[in-house]
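Before any comments, here is the structure.
The values are calculated or read from the model by the stated rules, or taken from the named source; none is laboratory data. Just so you know, these numbers come straight off a predicted model, no measurement behind them. Here Cβ is always computed from backbone atoms with ideal geometry, including for glycine, and neighbour counts include all displayed protein chains. Note: areas computed on protein heavy atoms with side chains; ligands, DNA, RNA excluded. Shrake-Rupley method; radii C 1.70, N 1.55, O 1.52, S 1.80 Å.
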Amino acid sequence: MRKLNRAFWQRHPGLIWSNPDAGDSAYLCAALLQPRFDRLLDVALEFGVIRLRQEWRSLLAENTPEVRRARPAVERILRHIEEGFRLAVARN
C-alpha cells in the first residue's frame, strides 16, 4: 500500500528524510525502528494498533540488526499502548 498520509507524517519530521514521498508503510516501519512512546502512540491513534502490529510482524520476519535492537522497546511500548486502550474501553 503506497498511500501517504502526508498531513499526519508532517507532525513527525525526519523519519524518512531521504524519501519524503514514501508510503505510509515505510513511515510506520521507520517509526517502529526508532521507537518512542509518544510517536508510536500517535501512530496507533491514527492507523490503529492492528496496523502497527502488522508492520511490526513484517519487520520481525526480516530479523535485521535494527529490528533486534528495537525489539525490546517496541514490544514494551506496544504492550503499554494496548493495555491503555483496553483500560480506556473498560472505563467507558
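Scan segment 45-67 for residues that are assigned to a helix (DSSP H, G or I) and closer than 23 Å to Phe8 by Cα and report the count. Give the derivation first.
Here is the first cut: in segment 45-67, the ones assigned to a helix (DSSP H, G or I) are 45-47, 49-62, 65-67.
After this cut, where a residue has to be closer than 23 Å to Phe8 by Cα as well, the list is 45-47, 49-59.
The number of residues fulfilling the criteria is 14.
Restricting the search to segment 27-36, which residues are touching a Lys or Arg at 6+ places or on another chain (Cβ under 9 Å) and open to solvent by 20 Å² or more (accessible area, probe 1.4 Å)? Please lay out each step first, then the result.
Applying the first criterion (touching a Lys or Arg at 6+ places or on another chain (Cβ under 9 Å)) to segment 27-36 yields 28, 31, 33, 35.
Leu33, Pro35, listed by residue number.
Consider only pairs whose beta carbons are under 6 Å apart and that are at least six residues apart or on different chains; among these, list those whose first residue lies in segment 68-92 and is part of a helix (DSSP H, G or I) and whose second residue is among the aliphatic types (A, V, I, L, M).
Matching pairs, first to second residue: Ala70/Leu33; Val74/Leu32; Ile77/Leu40; Ile81/Leu41; Ile81/Ala44; Glu82/Val49.
Among Leu32, Leu15, Leu59, Leu28, which is closer than 23 Å to His80 by Cβ, out of contact with any Asp or Glu (no Cβ under 7 Å at 6 or more places or on another chain) and touching a residue at least 24 places away in the same chain (Cβ under 8 Å)?
Within the list Leu32, Leu15, Leu59, Leu28, the selection yields Leu59.
Determine if segment 66-77 includes at least one residue that is closer than 21 Å to Asn5 by Cβ and not aromatic (Phe, Trp, Tyr). Before the answer, list the steps.
In the first step, residues of segment 66-77 are kept if they are closer than 21 Å to Asn5 by Cβ; the result is 74, 77.
Cutting the leftovers down to not aromatic (Phe, Trp, Tyr) gives us 74, 77.
Looking through segment 66-77, at least one residue is closer than 21 Å to Asn5 by Cβ and not aromatic (Phe, Trp, Tyr).
Would you mention how many residues in segment 4-26 are surrounded by 12 or more Cβ atoms within 10 Å (Cβ to Cβ) and in a loop (DSSP other than H, G, I, E, B)?
So the answer is 8.
Residue check: is Glu55 charged (D, E, K, R), open to solvent by less than 70 Å² (accessible area, probe 1.4 Å) and touching a Cys at 6+ places or on another chain (Cβ under 7 Å)?
Working: charged (D, E, K, R): yes; open to solvent by less than 70 Å² (accessible area, probe 1.4 Å): yes; touching a Cys at 6+ places or on another chain (Cβ under 7 Å): yes.
Yes, satisfied.
Find the residue count for segment 65-92, including only residues that are over 16 Å from Leu28 (Cα atoms) and not aromatic (Phe, Trp, Tyr). Walk me through how you get there before you give the answer.
As a first pass, look at segment 65-92 and keep what is over 16 Å from Leu28 (Cα atoms): 65, 68-69, 72, 76, 79-80, 82-92.
Then keep just the ones that are not aromatic (Phe, Trp, Tyr); that gives 65, 68-69, 72, 76, 79-80, 82-84, 86-92.
Residues meeting the conditions: 17.
Could you tell me whether Arg91 is open to solvent by 30 Å² or more (accessible area, probe 1.4 Å) and either hydroxyl-bearing (Ser, Thr, Tyr) or modelled with pLDDT of 85 or more (or both)? Quick ask: steps written out before the conclusion?
Numbers: open to solvent by 30 Å² or more (accessible area, probe 1.4 Å): yes; either hydroxyl-bearing (Ser, Thr, Tyr) or modelled with pLDDT of 85 or more (or both): no.
Criteria not met by Arg91.
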